[in-house]
1. Check the stretch 291-300 and report whether any residue there is in contact with a strand residue (DSSP E or B) (Cβ under 8 Å, 6 or more places away or on another chain), among the hydrophobic types (A, V, I, L, M, F, W, C), part of a helix (DSSP H, G or I) and touching a residue at least 60 places away in the same chain (Cβ under 8 Å).
2. Could you list, in sequence order, the residues of the stretch 198-241 that are assigned to a loop (DSSP other than H, G, I, E, B) and within 30 Å of L125 (Cα to Cα)?
3. Would you say A98 is of a type in the set (A, V, I, L, M), modelled with pLDDT under 95 and in a helix (DSSP H, G or I)?
4. Surrounded by fewer than 20 Cβ atoms within 10 Å (Cβ to Cβ), hydroxyl-bearing (S, T, Y) and touching a residue at least 12 places away in the same chain (Cβ under 8 Å): does that describe S179?
5. Given S153, S197, S158, which one is of a type in the set (S, T, N, Q) and without any contact (Cβ under 8 Å) to a residue 60 or more places away in the chain?
6. Go over the candidates I239, I246, I271 one by one and state the one that is in contact with a Leu (Cβ under 7 Å, 6 or more places away or on another chain) and either surrounded by 19 or more Cβ atoms within 10 Å (Cβ to Cβ) or at pLDDT 95 or above (or both).
7. Can you work out which of the residues in the stretch 35-90 that are assigned to a helix (DSSP H, G or I) and either among the aromatic types (F, W, Y) or touching a Pro at 6+ places or on another chain (Cβ under 6 Å) (or both) is farthest from R242 (Cα to Cα)?
Amino acid sequence: MKKTIVCLMIVALSMCIAFANGSNEATGGKVVIKIGNTVTQDHAWNVAIDKMAELAKEYSNGRIEIQCYPNNTLGNESDMIESLRNGTLQMQVADPSAGSSFCKQFDLFVLPFLWRDKDHWTKVLDGPIGKEYSELIEKECGIKILGYWGGVSRNIISTKKQIKSIDDLQGFKLRLAQSELKFKVWNAVGALPVAISLSETYSAMQSGVCDGMENEMPSLLTGKFYEPAKNMTMTEHEITVRPLMINAAFYNSLDDECRDALDKAVAEATILARELEAKAAEEAKKTMVETYGVQVFEIDKQPLIDRTAKVFEEFGKETGLTDVIEAIKNTK
């Protein structure tokens with residue numbers, strides 16, 4: 001009997017050792033991370049993602065393989081953020097408002113004039129508030145923000161009217177992507193928002209269906225929107241925030257080696273992405289002005305800020321982000 005018990009103990013111990021070795025093998029195995037976005041391969045994001053993939057592979061001793069799917073390969077931003085949420089996609093760079101249908105807090109960065117300038121943007125997002133916001137989003141919908149990309153301003157271009165003051169925006173038919181919050185913002189200013197798909201915006205400006213649009217400089221250039229709209233007003237109503245996001249459960253399942261390697265690669269890629277986006281925006285503006293004759297106008301932003309203050313207040317109450325908004329405003 002004793003001999004039988006000893007034999008059983010040896011078998012059990014052997015199984016435990018085998019299981020432990022198997023777990024270690026799984027832990028030390030290869031990790032494939034799929035990342036999607038809607039921009040072309042030569043866009044700043046994808047250049048930075050290529051660098052991130054290279055660094056993650058290096059820092060993880062070859063264990064991490066990041067596969068990039070650009071240019072709507074995996075669907076539009078809303079499709080991909082849903083895939084990110086349910087875990088069929090691991091990472092994504094996107095306009096966070098694409099996830100506002102299931103998480104209203106994602107609309108925070110749609111608020112106009114949230115940022116005083118780029119320095120303010122950087123201090124907030126790279127500081128405690130950026131970290132707290134990431135934790136909030138993870139708790140609300142299982143998506144973790146690893147880094148904040150973007151950082152370029154959105155401005156208005158117009159076909160006929162030169163926008164030099166808030167008076168010129170009264171009754172102005174402004175093309176917007178469909179967004180309840182964006183419509184509230186521009187209605188408060190006095191404009192008449194019109195929901196038009198980006199692919200139809202060029203012809204809409206030509207035909208007078210809308211008087212103009214708002215967007216980032218590179219998008220205005222590549223879409224040739226400067227052709228029907230030669231007037232640009234530096235409203236700088238938004239400095240873009242485009243989070244690099246990961247499925248939280250997937251991230252938390254990584255072992256320390258892979259998680260540390262990914263974090264390090266993300267930090268370096270984030271710096272590069274911001275630099276490349278800023279450069280692209282500057283060059284796009286220069287090209288539109290110097291090559292295509294776009295006129296640039298400044299505007300007193302304070303009346304616009306005053307008109308949209310109530311939208312801030314309502315949004316804060318609806319989402320529970322009043323304290324976050326105040327903390328952003330008070331960051332010096």
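1. Within the stretch 291-300, none of the residues are in contact with a strand residue (DSSP E or B) (Cβ under 8 Å, 6 or more places away or on another chain), among the hydrophobic types (A, V, I, L, M, F, W, C), part of a helix (DSSP H, G or I) and touching a residue at least 60 places away in the same chain (Cβ under 8 Å).
2. The one that is assigned to a loop (DSSP other than H, G, I, E, B) and within 30 Å of L125 (Cα to Cα): G223.
3. So A98 passes the test.
4. When the stated conditions are applied, S179 passes them.
5. S197
6. Result of the check over I239, I246, I271: I246.
7. By that ranking, first place goes to Y59.
The values are calculated or read from the model by the stated rules, or taken from the named source; none is laboratory data. Bear in mind the structure is a predicted one, so any value in this text is a computation, not a measurement. Neighbour counts run over all protein chains shown; Cβ positions are idealised from the backbone, glycine included.
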